[in-house]
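The values are calculated or read from the model by the stated rules, or taken from the named source; none is laboratory data. Computed from a predicted model, the values in this text were never measured in an experiment. Glycine also receives a Cβ, built like all others from the backbone with ideal geometry; neighbour counts cover every protein chain displayed.
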Amino acid sequence: MSLEKLLDEQIKNAIAEGKFDNLKGAGKPLNLDDYFATPEDIRVGYTLLKNNDFVPEEIELLKEIGILREKIKNCTIEDEKKVLNKKLNERNLALTLVLERNKRKKR
């Protein structure tokens, strides 16, 4: 069986199983302008990182910070709020250190 036929079969099976039913942006046209405006060598690198679920450390920290801020905003228990604020300060410090390290590497 050719690779193309194998891939077609896998896609048909995934459709039948409903694996494509709730995809982000379903039913909306794709905007590929930014994608094709990016140089090909950079696109390949980003594609490899994305396909392997790699997220840069600073992005992971920004996500954590956002979640902590939301938890603090909705928290009504003072002791819990103190613990969350401490974690938030630690994550902010970690982010600052990562950004500073990356800045030095570029020099």
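From the list Lys5, Lys19, exactly one residue is in a loop (DSSP other than H, G, I, E, B) and either touching a Lys or Arg at 6+ places or on another chain (Cβ under 9 Å) or on the phi < 0 side of the Ramachandran plot (or both). Which is it? Can you show your working first?
Numbers: Lys5 fails: in a loop (DSSP other than H, G, I, E, B).
Going through Lys5, Lys19 in turn, just one is in a loop (DSSP other than H, G, I, E, B) and either touching a Lys or Arg at 6+ places or on another chain (Cβ under 9 Å) or on the phi < 0 side of the Ramachandran plot (or both): Lys19.
Take the residues in region 75-96 that are touching a helix residue (DSSP H, G or I) at 6+ places or on another chain (Cβ under 7 Å) and closer than 19 Å to Ile59 by Cβ; name whichever of them is surrounded by the most Cβ atoms within 10 Å (Cβ to Cβ).
Selected residue: Arg91.
I'd like to verify a number: residues in region 38-69 that are among the small types (Gly, Ala, Ser) and modelled with pLDDT of 90 or more, how many?
Selection size over region 38-69: 1.
State yes or no: is Ile72 assigned to a helix (DSSP H, G or I) and touching a helix residue (DSSP H, G or I) at 6+ places or on another chain (Cβ under 6 Å)?
Considered against the rule, which asks whether it is assigned to a helix (DSSP H, G or I) and touching a helix residue (DSSP H, G or I) at 6+ places or on another chain (Cβ under 6 Å), Ile72 comes out as yes.
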